[in-house]
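Chemist: Below you'll find the structure I mean.
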Amino acid sequence: CSSKYVLSQIHPMWQQPIAVPGGHCQSPIDIVVRKSVFDSALKPLATDYDPETCQQIWNNGYSFLVEYDDSADKSTLKGGPLQDQFRLCQFHFHWGESNAWGSEHTVDRRLFPAELHLVHWNSDKYSLFEEAVSGDNGLAVIGVFLKVGKRHEGLQKLVDALPAIRHKGSVVEFTRFDPACLLPSNTEDYWTYHGSLTTPPLTESVTWIVMKQHIEVSHDQLAVFRSLLFTSAEEEVQKSMVNNFRVQQPLCGRTVRSSFT
Ligand SMILES: NS(O)(O)c1ccc(OCc2cn(-c3ccccc3)nn2)cc1
Ligand SMILES: [Zn+2]
C-alpha cells in the first residue's frame, strides 16, 4: 500500500465511552485485588477444545477473530463460576500501539500490552450465539493478559496468518488450532464478575473470567498484530489496527470474586 499512508490515530469507535442506556454492568473494569472476595465454591476452569472445530481467521475491522464451528458441543467450557455448559465460538485480542498499554481489564490499575478473549455461549439455554448475546447468562468470556517476553510457539501459526488478513473484511481458512495453548498453565486462579461485551452491542450478558496468570509473547509477535488495519483495501486512508480497547467502566457496586486467596 505504498501510495496510501498509514495512520495510528484513535479509531472513532474507541474514542469515547459509548453511553449504554441503564448500563450498570459494563466492561471492562479495573480489578482492585484487595476488594475482590474469595469464593471457595469457585472451581477450576474445565475447557475441552477440539482443534478440528477451528474454521477461519478474519479481520472484522475491530480485531482479528479465529472462529470455531459451534454447531455442536465439541469445544466447550464448564466449571469455574459457571453452572451451565458453554460453547467456544471465537477468540480475538485487544492491543495498544505500544507495549505500555493495550489490555481492556487492568489489575490494580496495571495495564498489559494486550488481552486475549475466548468467547463462549450458553448452549444449555440457547441454540445460537446470536440469541445468547442478548440473553440472561448468555455468554462466558475468558480474559488472558499478554506480557512481552519470550516467543509463544503456539501463537506463531496465528501470527503467520495475519498478513493475509491485513484489511477489514479479509477472511482466510484457518484449521487445527488448539486455543488451549493460549491459556496460562494455571487455570485455577481467576477473578470473575458480571459484565458486558466491550464492543457493540455492549449487552450485559457476560460472565467474565479473567485469569490471574498471564501468557508471554515476543515483541515481534505483538508487532505483527499492529500491522493489521482497521480499514478495507478500498479506503483511501489506511489506519493501523491499534488501541482497539474500550475505556474502563464504573463498577457500580458489583463484586469481583476470586478463586484464590
Ligand atoms: N470484546 S468482547 O469479548 O467483550 C466481545 C465478544 C463478542 C462480541 O460479539 C459482538 C457480536 C454480536 N453479534 C451479533 C450478530 C448477529 C446478531 C446479534 C449479535 N455478532 N458479534 C463483541 C465483543
Ligand atoms: Zn474482546
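Chemist: Grab the Cα-Cα distance for residue 60 and residue 260, subtract it from 0.36 nm times how many residues apart they are, and report the gain in nm with one decimal.
Modeler: Going from the current span to full extension adds 68.4 nm.
Chemist: Given points 7 Å out from each Cα along the Cα-Cβ axis, report the residue 235 to residue 46 separation in nanometres with one decimal.
Modeler: Placing both labels 7 Å beyond Cα along the Cβ direction yields 4.4 nm.
Chemist: Could you pull out every residue, at least 5 positions away or on a different chain, whose amide H is within less than 5 Å of the one on residue 238? Hs are placed 1.01 Å off N in the peptide plane, and Pro or chain starts have none.
Modeler: 5, 7
Chemist: Now a separate question. Could you compute the FRET efficiency for residue 216 and residue 97, with r as their C-beta to C-beta distance and R0 at 22 Å, rounded to 0.05?
Modeler: E between residue 216 and residue 97, to the nearest 0.05, is 0.65.
Chemist: Taking R0 as 35 Å, what FRET efficiency do you get between residue 175 and residue 24 from their Cβ-Cβ distance, rounded to the nearest 0.05?
Modeler: 0.30
Chemist: Still on this structure, please answer the following. Using only the alpha carbons, work out the radius of gyration and Dmax of region 102-192 in angstrom.
Modeler: 15.7, 40
Chemist: Counting just the Cα atoms, what span does region 70-221 cover along each of its three principal axes? Round to the nearest Å and put the largest first.
Modeler: Result, largest extent first: 41, 39, 29 Å.
Chemist: Follow-up. When the helices in the chain are scored as -39500 (n - 2.57) per DSSP H run of 4 or longer and the sum is shared across all residues, what 222 nm value do you end up with, to the nearest 500 deg cm²/dmol?
Modeler: My calculation for the chain gives -2000 deg cm²/dmol from helical runs alone.
Chemist: For the chain, with equal point scatterers placed on the C-alpha atoms only and solvent neglected, what are the log10 I(q)/I(0) values from the Debye formula at q = 0.14, 0.16 1/Å, to two decimals?
Modeler: Calculated log10 I(q)/I(0) at the listed q: -0.96, -1.29.
Chemist: Sort 97, 115 so that the residue with the fewest other Cβ atoms within 10 Å of its own Cβ comes first and the one with the most comes last.
Modeler: The fewest-first ordering by Cβ neighbours comes to 97, 115.
Chemist: Give me log10 I(q)/I(0) at q = 0.13, 0.15, 0.24 Å⁻¹ for region 35-139, Debye formula, one equal scatterer per alpha-carbon, no solvent.
Modeler: Computed log10 I(q)/I(0) values: -0.59, -0.77, -1.25.
Chemist: Which net charge results for the neighbourhood of residue 140, defined as the other residues with beta-carbon distances under 11 angstrom from its beta-carbon, given Lys and Arg at +1 and Asp and Glu at -1?
Modeler: Result for the local shell: +1.
Chemist: In whole angstrom, how far apart do the alpha carbon centroids of region 37-91 and region 174-225 sit?
Modeler: 10
Chemist: Please identify which residues in region 63-92 have an amide N closer than 13 Å to a label point set 7 Å out from the Cα of residue 125, following the Cα→Cβ vector.
Modeler: Inside the label zone: 82-87.
Chemist: Test of understanding: what is the full-extension gain from residue 188 to residue 108, defined as 0.36 nm times their sequence separation minus their Cα-Cα distance?
Modeler: 26.8 nm
Chemist: List, in order, the whole-Hz ³J(HN,Hα) value for each residue of region 48-55 obtained from phi through the Karplus relation with A = 6.51, B = -1.76, C = 1.60 and θ = phi - 60°; use x for Gly and Pro.
Modeler: So the J values, rounded to whole Hz, are 9, 9, 9, x, 5, 8, 6, 10.
Since every read-out is calculated from the coordinates, none of them should be taken as a lab result. Keep in mind that this is a model prediction, so the values were computed, not measured. Glycine gets a Cβ as well: all are built from the backbone with ideal geometry, and neighbour counts include every protein chain shown.
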